[in-house]
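One structure is given here, and the rest of the page talks about it.
Coordinate-derived values only; no laboratory data. Keep in mind that what you see is a predicted model, and the values were worked out from it rather than measured. No Cβ is skipped: glycine too gets one built from the backbone with ideal geometry, and neighbour counts run over all protein chains shown.
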Amino acid sequence: MTQSTSSLSFMNTQNGALAACTTSWDDGYPLDRRVAELLAKYDLTGTFYIPMKSPRQVMTGREIRQLSELFEVGAHTIHHVVLTSASNQEAEVEIRESKKRLEDLTGRFCETFCFPKGRFRRSHLEMLCRAGFGCARTVELLSTRFPIRRAGIYLIPTTVQAAPIARRVLARNCAKRLAWRNVVNVILHTRSRNWTQTAHAMLQDVARRGGVFHLWGHSWEVEEQQQWPQLESVLREMQHLRTRMPCVANSKLSSISAASVPCELQTE
């Protein structure tokens, strides 16, 4: 699967709503290559958010360039810095230089950013704008809405993380954002820690009602928790539904104008 998926149109569900799916993978761990192979196997795509350095091993420059030929590569700071723990000056450098270094390395425009550990302030959105980013992925879970624009940046939520997560953690993630629609999804779709059951249920929900199904994770975590068979089962289901909800890179989601997406799919 190549980045040509960006030319695909979003599909209409039976009720006329737009539907799509996407995937994203954080930290640039070498096993991201295995994730990429699975995505290609099922004719899917995704966005890989890669820091230049990290406490964990990061792919080599050559591996990142090869990955960028087939998939979207997004920035994840230079040193995997949690922006809310950094000074404004440090955060600005981490944001600006992460984009520049990835573009110099891959020779491709870097449009999207991912906040390490999902933590950010409004001032960081302004920094992203100044650096030339158009969108940023968060760690908001159990969302099926399209990105919304805040401080000049499209914020991209997620639906399911490829890892077992306690229901109380999911509920807390939704409640602290006052994302009440997501809380409803906790009630309806997370009766166990089996994340694949949640993923399959929410995939079917998006295919029927519209919105975005966004699967994300860390390849190192998939390996540590031995979730490769479970991941493959979800990717297989995503492939089966591609005629109803095409799979696109993260940045493609924000390219749809607000006028094209029903209001109920834009906001909480």
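Taken one residue at a time, the phi angles of the stretch 71-77 give Karplus couplings (6.51, -1.76, 1.60, θ = phi - 60°) of 9, 6, 10, x, 7, 9, 6 Hz. Gly and Pro are set to x.
Among MET59, MET238, the order by Cβ neighbours within 10 angstrom, fewest to most, reads MET59, MET238. Near CYS247, the amide H atoms lying under 5 Å from its own belong to CYS21; only residues 5 or more places off or on other chains count, and H is placed 1.01 Å from N. Residue separation of GLN239 and GLN57 scaled by 0.36 nm, minus their Cα-Cα distance, works out to 62.5 nm of gained length.
Highest mean packing comes first when the peptides 42-49, 202-209 are listed by Cβ atoms within 10 Å, giving 42-49, 202-209. Taking amide H positions as modeled 1.01 Å from N, with prolines and chain starts lacking one, the residues under 5 Å from SER24 and 5 or more places away or on another chain are THR47, LEU215, TRP216, GLY217. Listed by Cβ neighbour count within 10 Å, with the fewest neighbours leading, HIS124, HIS79, HIS240 appear as HIS240, HIS79, HIS124.
Using 0.36 nm times the number of residues separating ARG149 and ARG130, minus their current alpha carbon distance, what extension gain do you get?
Numbers: separation 19, 0.36 × 19 = 6.84 nm, distance 1.53 nm.
Result: 5.3 nm gained on full extension.
Remark: spin-label model distance ILE165-LYS100 equals 3.4 nm, labels positioned 7 Å along the Cα→Cβ axis.
Computed from phi, the 3J(HN,Hα) profile of the stretch 194-210 under the Karplus parametrisation 6.51, -1.76, 1.60 (θ = phi - 60°) reads 6, 5, 5, 5, 4, 4, 5, 5, 6, 4, 5, 5, 5, 4, 8, 10, x Hz, with x in place of Gly and Pro.
Straight-line reach from LYS117: taking Cα to Cα under 25 Å and skipping same-chain neighbours fewer than 8 places apart, the lysines in range are LYS53, LYS99, LYS100, LYS176, LYS252.
Around the Cα centre of the stretch 3-251, unit charges on the Cβ atoms of Lys, Arg, Asp and Glu (plus for the first two, minus for the last two) sum to a dipole of about 900 debye. For the stretch 121-135, putting each phi into the Karplus relation 6.51 cos²θ - 1.76 cosθ + 1.60 with θ = phi - 60° gives couplings of 10, 4, 4, 6, 5, 5, 5, 4, 4, 4, 6, x, 6, x, 8 Hz, in residue order, rounded to whole numbers and with x for Gly and Pro. For GLU72, the amide hydrogen comes within under 5 Å of the amide hydrogens of GLY46, PHE48, counting only partners 5 or more places away or on other chains and with H modelled in the peptide plane.
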